[in-house]
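Reviewing the structure listed below.
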Amino acid sequence: MLDRAEGIYMWDTDGKRYIDGSSGAMVSNIGHSNPAVLDAMRAQMKKSTFGYRLHFQTEASELLAAKTAALAPEGLNKIFFVSGGSEAVESTLKMARRYALTQGQSQRFKMISRYPSYHGCTLGALAITGYAPMAAPFDPMMMRMPKVAAPRAYLDGLDADDPATGLHYANMLEAKILEEGADTVLAFIVEPVGGASTGALVPPAGYMQRIREICTHYGVLLIHDEVMTGGGRTGHFFGAEHWGVVPDLVSISKGFGGGYVPLGAMIARDDIVEAVMSAGGFIQSFTYAGNPLACAAGCAVLDEIEKHDLTGNGARMGDVLAQRLHGLMQRYPLIGDVRGKGLLTAFELMADRDTKAPLPAALNAHSRLVDIAYDNGLIIYSRRTRGGTSGDHFLVCPPMIWCSRTRPATWLISCRSWAKAVAPVSN
Ligand code: PLP
């Protein structure tokens, strides 16, 4: 039972303290109970906590839209607020479809995504999510969309730094578009750095750029799902900035509200929204969209990220964390891979590093390790997916304030906890 949380720490109702080693679900990027955010929320609460968006705009939502547009890539200035990641993804899908219709391309309805991937748990988002255990129980209620393999170079024995590897995986998208019929494909959605489904999978060199080229060539809209990567988590405000690629539509959520309020957004290319609006628009009406309290908190979260250069700190601490995890990898053969960008970092346990064989499922390593970490005062985020086949991976994603506000000893304690957590499983 959670009692309270502050900075990178959380306390349960028995008074036990934990390091929030995963920022919840990669959400609490600026840490818990940030005084500036709480003050901004209190100030907004005194003014108004709700104004229906069809009746009123609010200063808070206007300001957050302006701040978000300023951070977004050039040409993407249209912002629609929602209350979470699935809603943000759904909004991009609906916007893409309406845009195709305004362009006289009603035959374009297929949305290609990757396997594995995670885009949310509403039915539309599940149709493009590459994680069968969550989607299959609803078949055939919705049409599951075509998938291409996510580029897991480390499992395929390929060099992720070799541009030929990036081309190899990206060209699978081209093959899939041609197989489906290029004029039927509406969009391709990708997490710039993989999240829960792949465990911080970083695309190989040239992959993101080639994907952009392919989408442009075939008139396919490129959607970046930045629900987890957005908000500075990877060392840039948007994950795709690492590759200088500009998408057509973006979804953002988790770190955007920073765990203070349910908040997300669709960010869209200006001309897409203008074309849709001049054709009569469409109704996308979430009652809580643009809620003033959520937007005021969102503004304060963005201000804190900027004021304290938390994105930069996350990038620097991500390097330190990666070094430490590689150190653990040398000590424990069980750790088969360490990967990530900034503070979106993960390691994967394997029975055999050379063959990449996973640990036996019966070992239940992912949940055992979580329990051991809890006992050692550390909260971690684990998944056994590798696309539903194998693989225990652990996301190591502390808040981006890590070390900027706490004594350096904090993270040593954290690493000792990791070491303690791994040791019993490897014996
Ligand atoms: N997209 C990505 C990349 C995610 O990581 C998630 C959640 O983990 C979602 C979408 C869904 O977000 P939510 O759980 O807020 O609906």
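Rule-based calculations on the coordinates, nothing more; no lab input. Being a predicted model, the structure only gives us computed values, none of them experimental. Glycine gets a Cβ as well: all are built from the backbone with ideal geometry, and neighbour counts include every protein chain shown.
Applying D = kT/(6 pi eta Rh) to segment 37-307, where Rh is the Kirkwood radius over alpha-carbon pairs, T corresponds to 37 °C and eta to 0.692 mPa s, the Stokes-Einstein value obtained is 173 µm²/s.
Note on D354/T49: beta-carbon distance plugged into 1/(1 + (r/R0)^6) with R0 of 51 Å gives a FRET efficiency of 0.35. Using the Cβ of T165 as centre and a radius below 15 Å, the other residues enclosed give a net charge of -1, where K and R count +1 and D and E count -1. Ranking L71, M41, L186 by how far each Cα lies toward the positive end of the dipole of segment 37-307 (charges on Cβ) leaves M41 at the top.
Which of M95, I401, G235 sits closest to the plus end of the dipole of the chain, meaning its Cα is farthest towards the positive end, when Lys and Arg get +1 and Asp and Glu get -1 on the C-beta? Going by the Cα projections, it comes out as I401. In this simple spin-label model, placing a label point 7 Å from the Cα along the Cα-to-Cβ direction at both F282 and Q105 gives a separation of 1.4 nm.
GNM on the chain, alpha-carbon springs under 10 angstrom: the most fluctuating residue among G104, G31, G239 is G104. The mean sequence separation of alpha-carbon pairs under 8 Å and at least six residues apart, normalised by the residue count of the chain, gives a relative contact order of 23 percent. In terms of other Cβ atoms within 10 Å, H32, H393, H326 run from fewest to most in the order H326, H32, H393. For E59 and D271, a Förster radius of 25 Å and the Cβ-Cβ distance give a FRET efficiency of 0.35, rounded to the nearest 0.05.
Taking the Cα centre of the chain as origin and assigning +1 to Lys and Arg Cβ atoms and -1 to Asp and Glu Cβ atoms, the resulting dipole is close to 660 debye.
Here K16 is the anchor, and the lysines within straight C-alpha reach of less than 20 Å, apart from those fewer than 8 places off in the same chain, are K420.
Positive end of the dipole of segment 37-307 (Cβ unit charges, origin at the Cα centre): among L123, G219, S113, the Cα lying farthest that way belongs to L123.
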